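In what follows, a single structure is set out as structure tokens and then discussed.
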Amino acid sequence: MKEFMKFTFASLLGVILAGIVFTILGIISMVGMVASSDTETVVKENSIFVLNLEGTLSERVQENPFQKLLGEENQAYGLDDILSSIRKAKDNENIKGIYLQPTSLSTSFASLEEIRHALVDFKGSGKFIVAYADQYTQSMYYLASVADKVIVNPQGTISWHGLASQPVFFKDLLNKLGIEMQIFKVGTYKSAVEPYIATEMSEANREQVTAFLTSIWGRLLEDVSASRNIPKETLNNYADQMMDLKQAEEYLTCGLADTLLYKDGVLNYLKELSGREADESLRTLSLNDMKNVKRNTPLDKSGNIIAVYYAFGGIDDGTSPEEGINSEKVITDLRKLREDETIKAVVLRVNSPGGSAYGSEQIWHEVVLLKAKKPVIVSMGDYAASGGYYISCAADTIVADPTTLTGSIGIFGMFPNMQGLLTDKIGLHFDMVKTNRFSDMGDMTRPFNADEREAMQNYINNGYKLFVKRCADGRGMSTEAIEKIAEGRVWTGEAAKELGLVDELGGLDRALEIAAQKVGIEAYSVVNYPAKESFFSTLLDEGKNDYIETKMSESLGEYFHYVKFIQNLKDTDRIQARMPFDPRIQ
């Protein structure tokens, strides 16, 4: 027995000591990770910035600590990081060029436009851009076409076939489940509800989708034509020939590519361009390296600050793992910017398809208060539609990319009637005792009655009138003029400028230029808000949940959007100012 106790005690002591050692090692590892992530990158002579794009793109990305701890590569990119890195590569004399590897990036064309414009600006420095891929998706070819040399694998492909939009319709699925969606809306083109009550597009929706697809495709043709020196009509004809299935040699013949090389040939070519010998290794910098490269431009000492406030994602319903606009937080943040005397102007970067009508109104009010103290310039990203336009319309100036999807001035309400599921299918029965006529309005176990439907439609009508008034006041237009271009219709940034909904076409840089002009300053510093969380605060906060959702997003791809929608349905405001639907442009 004595020997057993001695053995047990020794084993227990060993486990405790091992636990202490591993804990210390874990802490040391985490401290090392934090230290390494903050260490300035030293750029050696004849270096190349390798911009490898494979994953998803957002306005900003919070580094996930669990991915770092597990040694996984982050496949979520921040547009802010990419644009900043391209600018730093342009200014750094030790960086000779950019090697673009556009594999597959889940994003919209407005963000690609901003990256493309940054690359065009980079080329102005005289440095090279080389693009290589085994298979170019259409959107990635649009980005790569700006390169000095577009290289394709001898067995590779270039996708070039035009654009299509394919919404998903849930009506028959809901019918099988015994769920009826009760719809209240204003706006002929406000088709966000169509997937729940129809099995195909309405004619009005088909009209608007055709219009904005044509506009976006026209922009792609124009940009690629300018870069590759191929007439737009010819590029359009190529799309009708389904270039995706052509032999690689044909891409050279038609001018879409410059040369065919295997990967080793590309690396040797890059050595030549960067001044490295054949037996020397390339000196490369990844996007993560570039984040920690110090900018060569001197620090501004004027004391002038222009704040860039990022508002991206669904308004008040968090429809993605990393994005979502919490109206209460945005209001608090904007109030602090309003009260901060060191901040001379605010650029509100909006990338949102909309969401809660109530949340949108609250943010609109705070933007009005902010505008009374200092200039507010809106920079629109991929989307600034419906609620996204609501929170933008009061700004002094609105800047949008040509392919931004905006407008969608309309409102709707959607309430499920689950009587068919709960009573007819499951066999649950409900009774009710109430004191007043509308005491049980909104009860999901039965459909709305006629009086309830009338009351709800009146409420939606009033919400729409308020939305129209906000837009009219903000844009200095009459309500009649806004109503003619409202009705829930989506416009591209290019069309919105012609209609008066947008002031200028351009990206975030142009919005900053306008902000500086408004306050009459030339020297200023740019500070981004909200500040990104530290490694440890993210780890202690929701790092685990974000990591799980990130992995689900990577596994499910485009279908993760629908999983998140269902997950957040119970918390979603029933009165929505949201874009018609997820356009799923491909």
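Summary table
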item	result
Some residue of region 152-172 being aromatic (F, W, Y), in contact with an Asp or Glu (Cβ under 6 Å, 6 or more places away or on another chain) and farther than 30 Å from L422 by Cβ	no
Any hit, region 120-127, residues being touching a residue at least 60 places away in the same chain (Cβ under 8 Å) and touching a strand residue (DSSP E or B) at 6+ places or on another chain (Cβ under 9 Å)	no
Per-region count, region 397-419, residues over 22 Å from the mean Cα position of the chain (by Cα) and among the polar types (S, T, N, Q)	2
Search result, residues across region 166-197 that are among the small types (G, A, S) and in contact with a Lys or Arg (Cβ under 6 Å, 6 or more places away or on another chain)	G178, A192
Residue in region 244-256 that is among the aliphatic types (A, V, I, L, M), touching a strand residue (DSSP E or B) at 6+ places or on another chain (Cβ under 6 Å) and touching a residue at least 60 places away in the same chain (Cβ under 8 Å) present	yes
Residue within region 304-313 that is under 18 Å from A515 (Cα atoms), at pLDDT 90 or above and assigned to a helix (DSSP H, G or I) present	no
Inter-residue pairs, beta-carbon under 9 Å, first closer than 12 Å to Y141 by Cβ and in region 217-233, second acidic (D, E) and assigned to a helix (DSSP H, G or I), 6+ apart	D223/E113
Spans of helices (runs of 4 or more DSSP H) in region 186-265 with at least 3 residues of a type in the set (S, T, N, Q)	203-228, 232-240
Residues of region 481-533 classified as in contact with a helix residue (DSSP H, G or I) (Cβ under 8 Å, 6 or more places away or on another chain) and small (G, A, S), total	6
Qualifying residue in region 129-137 (condition: at pLDDT 95 or above and out of contact with any strand residue (DSSP E or B) (no Cβ under 6 Å at 6 or more places or on another chain))	no
Residue selected from region 277-291 under the condition assigned to a loop (DSSP other than H, G, I, E, B) and at pLDDT 90 or above, by the criterion farthest from the chain's Cα centre (by Cα)	S281
Only one of V367, V399 that is crowded, with 20+ Cβ neighbours inside 10 Å and assigned to a strand (DSSP E or B)	V399
Test: residue in region 138-152 that is among the acidic types (D, E), touching a residue at least 24 places away in the same chain (Cβ under 8 Å) and assigned to a helix (DSSP H, G or I)	no
Residue satisfying all of: in region 157-174; over 20 Å from L112 (Cβ atoms) and in contact (Cβ under 8 Å) with a residue 60 or more places away in the chain; surrounded by the most Cβ atoms within 10 Å (Cβ to Cβ) among these	P167
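The values are calculated or read from the model by the stated rules, or taken from the named source; none is laboratory data. These figures come from a predicted structure and were not determined experimentally. Here Cβ is always computed from backbone atoms with ideal geometry, including for glycine, and neighbour counts include all displayed protein chains.
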